[in-house]
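Contents: one structure, followed by commentary.
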C-alpha cells in the first residue's frame, strides 16, 4: 500500500512539473531588468526599461503587452510590437530581433533573458 501511495505521489509531482513547464511557467528567483527597444517601420524609436521574474523573453514581453502574435511549432511568431502590426504576406515587412545590437540567432520564445541586456525589435522590409 505504501508503495502504491509513493508511486502515486511521484506521478503527481511529475505531472505537475510537466504542466508548469508546458505553460511557460519558468520564473527567476530574483527580478531581472533589461532594456527593450522598438524601431518602427517609419524610423521612430521607443525605449522601455523592463523588470520581470520571467526567464524567457517572449513571456516577459507578452505579459507586459509590448508584443503579440501567434504560436506555431517554432514558438511565438511576432506580428505586433508596441501597437504596430506588420504582415510579411502583404508588405514584406517583419519584426527582426536583436540582442545587444546583434541580429538574434534565437527566436523570442527561446531567448533566455540576461539581466542588463538590450533586446530590440526592429521593423525591417525586404
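A few points about this structure:
- Consider the stretch 88-126 and keep the residues that are in a strand (DSSP E or B) and over 14 Å from the mean Cα position of the chain (by Cα). The one that is surrounded by the most Cβ atoms within 10 Å (Cβ to Cβ) is 123.
- Residue pairs whose Cβ atoms lie under 7 Å apart, sitting 6 or more positions apart in sequence or on different chains, and linking a residue in the stretch 33-53 that is over 26 Å from residue 93 (Cα atoms) to a partner that is modelled with pLDDT under 95, are 53/27; 53/28.
- Selection over the stretch 64-79 of residues that are loosely packed, with under 14 Cβ neighbours inside 10 Å and at negative phi gives a count of 5.
- Flag if residue 63 is under 13 Å from the mean Cα position of the chain (by Cα) and modelled with pLDDT under 95: no
- In the stretch 26-53, the qualifying residues are those that are over 22 Å from residue 103 (Cα atoms) and either in contact with a helix residue (DSSP H, G or I) (Cβ under 6 Å, 6 or more places away or on another chain) or not in a strand (DSSP E or B) (or both), and the one that is modelled with the lowest pLDDT is 26.
- Candidates 99, 113, 105 - the one that is free of Cβ contacts under 8 Å to residues at least 60 places away in the same chain and in contact with a strand residue (DSSP E or B) (Cβ under 7 Å, 6 or more places away or on another chain): 99
- Any hit, the stretch 6-16, residues being within 20 Å of residue 115 (Cα to Cα) and at pLDDT below 95: no
The values are calculated or read from the model by the stated rules, or taken from the named source; none is laboratory data. The shown structure was predicted, so the numbers you read here are calculated from the model rather than taken from an experiment. Cβ: placed from backbone, ideal geometry, glycine included. Neighbour counts: every protein chain shown.
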